[in-house]
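Worksheet: one structure, shown below.
The values are calculated or read from the model by the stated rules, or taken from the named source; none is laboratory data. Just so we're clear, the structure is a prediction, and the values are computed from it rather than from any experiment. Every residue, glycine as well, gets a Cβ built from its backbone with ideal geometry; the counts of neighbours run over all protein chains shown. Quick note on the areas: whole protein, heavy atoms, side chains included, nothing else; ligands and nucleic acids left out. Shrake-Rupley method; radii C 1.70, N 1.55, O 1.52, S 1.80 Å.
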Amino acid sequence: MAETAPLSIVTQPSKLWKGVFAVAGIMTTLVTYGVLQEKIMRVPYGDDKAFFRYSLFLVFCNRIATSAISAAALLASKKALDPVAPVYKYSLVSVSNILTTTCQYEALKYVSFPVQTLAKCAKMIPVMVWGTIIMQKKYKGQDYLLAFLVTVGCSIFILYPAGSSEIGPSDIYGRGRENTVWGISLMIGYLGFDGFTSTFQDKLFKGYDMEIHNQIFYTAFCSCVISLTGLILQGQLLPAIHFVSIHNDCFFDIAMLSTVATASQFFISYTIRTFGALTFATIMTTRQLVSIMLSCLWFSHPLSREQWIGAVVVFGTLYAKSFLRSAPKPSPSQQMQNGASLPVKGNP
């Protein structure tokens, strides 16, 4: 009994700092990632005003950097390079992740940035659906309600801009490229594949005693092989290399994109392992809203009344979610029965 109180005191700050670390890492890397991916896919390069059109090449470059750094981390920590789970499970995550990223890049060719961001904000619901199917998780009605309110709040914020503050200029590609139906179809694919990826990662971590770097290395390595095969079969490898060789600024942007994408993979895997897929989806949803708000502040875009209402709905809902999760306090006898070593993540 005497040792229980100090352990509780140490555990809570540790959990708090882990949360701060996860949120700061995801926010920093993925906000930068969002700016770069929009620039690469929607802004022309060079005097010839050429557009970069090779989405799978971006995936390939990102995964090369990720696999190289994760392998170096495994070697530096003297951890085993042998796969912990069957290779086909890594491959399933890789295929789903490639499809997720490709849908995300391709959608920017056909829809504006607000539409893409809106679709990303709906991520919590497919994560809960996949969690029910794959993990047999049981969510409460309030979980679905909170996820719905967050999505509605983000939708209000994005779809009701103040006058000329609308983000996602359609004149870059021309009206003919704003194929909304195809673009929304790509974003639906993004949501489905991304929800499966994060949920299946959660299942991998729970089913095996797996190091973060091990999972990242084998998933990224499988993605390298699959994306390279796709580039060769589609005849896009050499044209993509030629494009970046004559547009140095595009090469720099892709290098930066690969760097922040690699860093984000470590933060994402850490968050999923420590807090679970739904908490990760909540952070990602908030990140979308923060990206829009920072863009408005950076470029002096005014915020409409509807956007302020949307922001209040989102952050109010997230605050309520945190309050509801922390409200039930287990009794001391339950704490002694459960033990302090139980995992933090459970059904959100």
**OP:** Please list, or write none, the lysines whose alpha carbon is within less than 22 Å of the alpha carbon of residue 109, excluding same-chain residues fewer than 8 places away.
**Re:** 39, 49, 120, 123
Subject >> Loop-resident sites, the stretch 39-83, for trypsin sites (Lys or Arg not before Pro), counting at most 15 other Cβ within 10 Å (DSSP) >> reply: 49, 53, 78, 79
Subject >> Charge sum, other residues only, whose C-beta stays under 10 Å from residue 219's C-beta, Lys/Arg counted +1 and Asp/Glu -1 >> reply: +2
**OP:** Can you tell me how much longer the chain between residue 152 and residue 134 gets when fully stretched, taken as 0.36 nm per residue apart minus their C-alpha distance, in nm with one decimal?
**Re:** 3.9 nm
Subject >> Sum of side-chain charges, residue 203 neighbourhood, beta-carbon under 12 Å (Lys, Arg +1; Asp, Glu -1) >> reply: +3
Subject >> Sequence-distant lysines (8 or more away, or on other chains) whose Cα lies within less than 19 Å of residue 79 >> reply: none
Original post:
What net charge do the residues around residue 124 carry, taking every other residue with its C-beta under 12 Å from that of residue 124, with Lys and Arg at +1 and Asp and Glu at -1?
Top reply: +1
**OP:** Mind checking the full-extension length gain between residue 18 and residue 78? Use 0.36 nm per residue of separation minus the Cα-Cα distance, one decimal, nm.
**Re:** 19.2 nm
**OP:** Mind checking which lysines have their Cα closer than 19 Å to the Cα of residue 89? Skip sequence neighbours fewer than 8 apart in that chain.
**Re:** 203, 206
Original post:
Taking the Cα-to-Cβ direction at residue 48 and at residue 309 and moving 7 Å from each Cα, how far apart do the two end points lie in nm?
Top reply: 5.0
Original post:
On average, how much accessible surface per residue is there in the stretch 13-132, in Å², for a 1.4 Å probe, leaving out ligands, DNA and RNA?
Top reply: 40
